[in-house]
Amino acid sequence: MTTDTAQPASVYDLTPSEEAESLATFAVLVDNEPGVLHRLVGLFAARGYNIESLTVAETDRKAHTSRVTIVTRGTPHVLGQIEAQLTKMVSTRHVQDVTRDPNGLERELALVKVRGTGTDRVEALRVSDIFRCKVIDTALDSFVFEVTGAPSKIDKFVELMRPLGLAEVSRTGVLSIQRGTDIL
């Protein structure tokens, strides 16, 4: 007689999921009123979700609306929960998962300060030209470059500037919009 010693799986088993995490960008159109940003950030904090980038600005003064672009990370299940919770917020008018939208565009602006002289200075200028950066300040031993593009482009530019004298980086956070005639 064989006995099976395996225990049935509990419905309360909270072992970590094997799902891979990924970045997601959500564009949220909200009423422009006091406390909205606080509630939105509180939603993330209360559930232990991290915000990797947050950009907010009024987009229509007459309609009193603002556009919030949030970049976060999670499993597909967690990202689905985030989207559902953003949609349920009282002041939310619309939520779009830009990452999954084939018409979604994401861009960011960064100011990058590089210190260097001699060949490092020449190389920094050469690399900045390849990335279509704009030199917005120059001194005898430093540059400030303006670079725009997808966040991955900015990440790559920063990494290439590191050995050439990267001194400081300031990034705006991700902005998003949809190609074509559709609007948020």
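Some notes on this structure:
- Computing volume of the Cα convex hull per residue in Å³ directly from the structure and comparing it against [x] 218; [y] 206; [z] 113 singles out [y].
- Those aspartates and glutamates that a straight Cα-Cα span of less than 15 Å connects to K153, excepting residues fewer than 8 apart in one chain: E106, E108, D129
- Computed over the chain: relative contact order in percent, which uses C-alpha pairs under 8 Å that are six or more apart: 24 percent
- Helix-only mean residue ellipticity at 222 nm for the chain, each DSSP H run of n ≥ 4 adding -39500 (n - 2.57), per residue, nearest 500: -8500 deg cm²/dmol
- Net charge dipole size for the range 22-97 [Lys, Arg +1 and Asp, Glu -1 on Cβ; Debye, nearest 20]: 80 debye
- Farthest toward positive dipole pole in the range 19-58 [+1 Lys/Arg, -1 Asp/Glu at C-beta], among S53, G42, A20: G42
- Within the chain: Cβ-based charge dipole about Cα centre, in debye rounded to nearest 20 (Lys, Arg +1; Asp, Glu -1): 600 debye
- Under the convention that each Lys and Arg Cβ holds +1 and each Asp and Glu Cβ holds -1, the size of the dipole of the range 82-136 around its Cα centre is about 240 debye.
All of the numbers you see were taken from the coordinates with simple rules; none came from a lab. What you see is a predicted model, and the numbers here were worked out from it, not measured in a lab. Cβ coordinates were reconstructed from backbone atoms using ideal geometry, including for glycine residues, and neighbour counts include every protein chain displayed.
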